[in-house]
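The values are calculated or read from the model by the stated rules, or taken from the named source; none is laboratory data. Treat the numbers as computed from the prediction; the structure is a model and nothing was measured. Here the Cβ positions follow ideal geometry from the backbone for every residue, glycine too, while neighbour counts run over all protein chains shown. Note: accessible area is taken over every heavy atom of the protein model, side chains too, but ligands, DNA and RNA are not part of it. Shrake-Rupley method; radii C 1.70, N 1.55, O 1.52, S 1.80 Å.
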Amino acid sequence: MISFSNRRRRRYLKNNIPFHVGIIMDGNGRWAERRGLPRIMGHKVGVESVRSVVRAAKKVGVRYLTLYTFSSENWQRPPDEVSYLMYMLRNLLIKEVDELNRQGVRVKAIGRLNMLSKEVLKALDYAIKKTEHNDELNLYLALSYGGRQEIVDAVNKIIKSGVKEVDEDTFKRFLYDPELPDVDLLIRTAGEYRISNFLLWHTSYAELYITDTLWPDFREEDFYEAIEDFSKRVRKFGKVV
Ligand code: IPE
Ligand code: IPE
Ligand code: MG
């Protein structure tokens with residue numbers, strides 16, 4: 001049986017609009033370094049890009065947008081940078097929640113969230129609760145997220161649950177958020193040709209779009225360009241079309 005969400009996804013894809021867009025927001029540090037500024041300035045300006053892209057995704061009619069906000073591996077950055085990123089995240093959640101709510105955006109998060117501080121978790125929980133009835137755009141923040149960790153965590157949940165055998169559909173039920181669909185379009189900024197442990201399960205047939213533009217420079221128009229590029233792709237899923 002095809003679920004409602006799957007039917008909706010198919011309709012979207014027929015119209016060449018990606019149902020789920022994932023973004024690896026990269027290049028904040030380089031953006032700042034090129035201007036002789038501290039790296040954190042790149043993160044700060046990158047927040048404006050997040051606002052732009054959320055607006056653009058809504059306009060285009062994308063239903064799921066996952067932003068790679070902080071990876072499992074990013075914990076190994078200098079403590080000052082980690083603290084700043086967490087501080088920014090918390091502020092952003094607190095400051096933007098009303099606007100996101102007004103726009104009908106539903107905020108969700110995936111990752112090893114228990115590694116986040118109490119303060120960040122509180123702001124995150126509040127944003128998730130406050131926006132839980134919205135359904136215009138599902139905005140997923142991948143936080144303390146790693147694709148391999150997600151798979152390992154799923155396997156451990158399966159072992160604990162006593163389930164003895166899984167297929168793809170049952171496996172998916174044990175991921176951080178079973179509702180999160182496959183990624184149709186994966187955008188990476190700053191010209192790096194790698195996945196960096198992002199959504200390994202969900203990107204198996206994603207279309208890749210890599211741009212040299214650094215994240216703090218990536219705005220609405222750049223997002224539309226990526227969507228337009230996607231709309232010209234022929235997706236074959238291994239078949240002959
Ligand atoms: C992306 O920008 C932001 C995060 C990973 C949190 P970077 O900080 O990785 O920027 P570069 O790659 O050093 O330019
Ligand atoms: C990926 O960017 C993580 C996020 C965008 C949050 P990185 O800058 O951490 O990835 P690498 O180190 O270049 O692979
Ligand atoms: Mg980087």
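Remarks
- Qualifying residue in the range 216-233 (condition: within 16 Å of ligand 3 (Cβ to nearest atom), touching a residue at least 24 places away in the same chain (Cβ under 8 Å) and more than 17 Å from L65 (Cβ to Cβ)): yes
- Across the range 109-134, the qualifying residues are those that are out of contact with any strand residue (DSSP E or B) (no Cβ under 7 Å at 6 or more places or on another chain) and over 23 Å from G146 (Cα atoms), and the one among them that is surrounded by the most Cβ atoms within 10 Å (Cβ to Cβ) is K130.
- Residue-level check: of (1) out of contact with any Asp or Glu (no Cβ under 8 Å at 6 or more places or on another chain); (2) within 16 Å of ligand 1 (Cβ to nearest atom); (3) open to solvent by less than 80 Å² (accessible area, probe 1.4 Å), R194 misses just (3).
- Residue count for the range 176-191, restricted to those that are open to solvent by less than 30 Å² (accessible area, probe 1.4 Å) and away from ligand 3 (no atom under 16 Å from the Cβ): 6
- Candidates G36, G29, G46, filtered to the one that is within 16 Å of ligand 1 (Cβ to nearest atom), part of a helix (DSSP H, G or I) and free of Cβ contacts under 8 Å to residues at least 24 places away in the same chain: G29
- Candidates in the range 201-241 are the residues that are among the aliphatic types (A, V, I, L, M) and within 16 Å of ligand 1 (Cβ to nearest atom); of these, the one that is most open to solvent (accessible area, probe 1.4 Å) is I210.
- In the condition set (1) within 15 Å of ligand 2 (Cβ to nearest atom); (2) in contact with a Gly (Cβ under 7 Å, 6 or more places away or on another chain); (3) not aromatic (F, W, Y), E136 is compliant with all but (1).
- Number of positions in the range 66-105 that are under 17 Å from the mean Cα position of the chain (by Cα), more than 14 Å from ligand 2 (Cβ to nearest atom) and not in a helix (DSSP H, G or I): 1
- Residue in the range 24-65 that is most open to solvent (accessible area, probe 1.4 Å), counting only those that are at positive phi and away from ligand 2 (no atom under 16 Å from the Cβ): G36
- Remark: pairs (first residue in the range 114-130, under 16 Å from Y140 (Cα atoms); second residue β-branched (V, I, T); Cβ separation under 7 Å; 6+ apart in sequence or on different chains) = A123/I94; Y126/V97; A127/V97; A127/V107; I128/V107; K130/V97.
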